[in-house]
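What follows is calculated from the coordinates using simple rules that are stated; it is not laboratory data. Everything quoted here is computed from the prediction, not taken from an experiment. Neighbour counts are summed over all protein chains in view; Cβ atoms, including those assigned to glycine, are modelled from backbone coordinates with ideal geometry.
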Amino acid sequence: MAMWQPRNQSADRDIIPNKRVADARVKDTLRNDAYVRSGVTLHQDNIVGALYMLNSKPAIRTLLGKNDDTFEEEFQQEVEEKFTLTAESPENWFDAARRMTFTEMVRQAVGTDTGLGEYLYAVEWTRDDAERRPCNTTLRAIDVDRLSTPFTRVGDPLVVAGVELSKRHVPTGYYIRKAHPTDILRPEANEWEYIKARLPWGRIQVIHGFEQQRPNQTRGISDMTAALKEMRQTKQFRETVLQNAVVNATYAATIESDLDPASIFERLGGGNLGQEDLDAAVTNYMGAYMGAVAQFIGDKKQFQIGGVRIPHLPPGSKLQMRGAGQGGPLGSDFEQSLIRYIAANLG
């Protein structure tokens, strides 16, 4: 334990310096690991499903001061029906970009929260297609990588990782890059827009969701960071086993001769020849023999394995098929333990 001396810091000091690298590693794992990708999809299916349904049962006693079951039932039925027609319309009214239904937006938020530990949406008042639009409120999805501190506010203790805070740590505004930080060819990548957390009359303008694990925590961090090493090792293990399996499926085909070199030289009259003459004699003999074999075989497929021609050596030879490797522990207890670790991390 003497070598284990972690620093004791605030939540933001623990999370923010390593968040960009951690998020990049998680996103790479989500793109390239089927186990982890399916785990996030499982979260989306279990939490949201195919249809995000509104439950608008009113607090009727608080609203009317008395119980009214008939009004309560009629109100709930009408509100839920109108909401579903708007939210699931193919016109995608709730999406500022007009690309996703409300269910798809919620699934996206759950997936982003599972992968990156937070999600970000701007609430906007949209007036395009006003004659057909049933409501003007829309949500604009924002990549959490764009939530960052502008150069002019670096060092300001009240601006943490793009979030402007009050002295009581209440979010008062958000600084959003106009493009992703890696879009270096876009000039707006180094420009920020400032969005107030609320309008003067209290309307929310930014939805920044994350699970606050510690007091005064400004940004979220993915739970997957605790298992990134195991996830990476599991993927590398599967790739190594797959490569080993491919090698095991290949064979080396050779033809071995039973004649030793002394016997061949003796048959060629090696006792009466000098070294140069012996080399020439062997070369001529092998050339003539291989030429005869090539003329005999031609394009015959029975002298090939997997489209590769088998080499031929002098008479008195035999064919040998040798496996290239041994089997790997695919499905072993080691791999199962790694998968269980990932499963526990994904819940």
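Quick notes on this structure:
- Linear extension gain, Asn216 paired with Met100, 0.36 nm per residue minus alpha-carbon span: 38.4 nm
- Förster radius 30 Å - calculated FRET efficiency between Ala343 and His180, Cβ distance, rounded to 0.05: 0.40
- Across the range 104-247 the C-alpha pair distances fall into 10 Å bins from zero in the proportions 10, 29, 32, 17, 8, 4, 0 percent.
- Both numbers refer to the Cα atoms of the range 70-124; Rg and Dmax are 14.2, 45 Å.
- FRET efficiency estimate (nearest 0.05) - Cβ-Cβ, Arg232 to Arg7, R0 25 angstrom: 0.55
- Here the simple spin-label model places points 7 Å from the Cα toward Cβ, and for Asp14 and Phe151 these points are separated by 3.4 nm.
- Most positive-pole-ward Cα, Ala161, Gly202, Pro150, against dipole of the range 114-252 from beta carbon charges: Gly202
- Pairs from Lys19/Lys57; Lys19/Lys235; Lys178/Lys229 whose Cα-Cα separation, in the structure shown, is over 30 Å: Lys19/Lys57; Lys178/Lys229
- Square roots of 5 times each gyration tensor eigenvalue, C-alpha, the range 1-83, largest first, Å: 47, 23, 11
- Formal net charge of residues neighbouring Asp69 (Cβ-Cβ distance under 13 Å; K, R +1; D, E -1): -1
- 5 angstrom amide H check on Gly173, placed H, neighbours 5+ away: Glu164, Ala197
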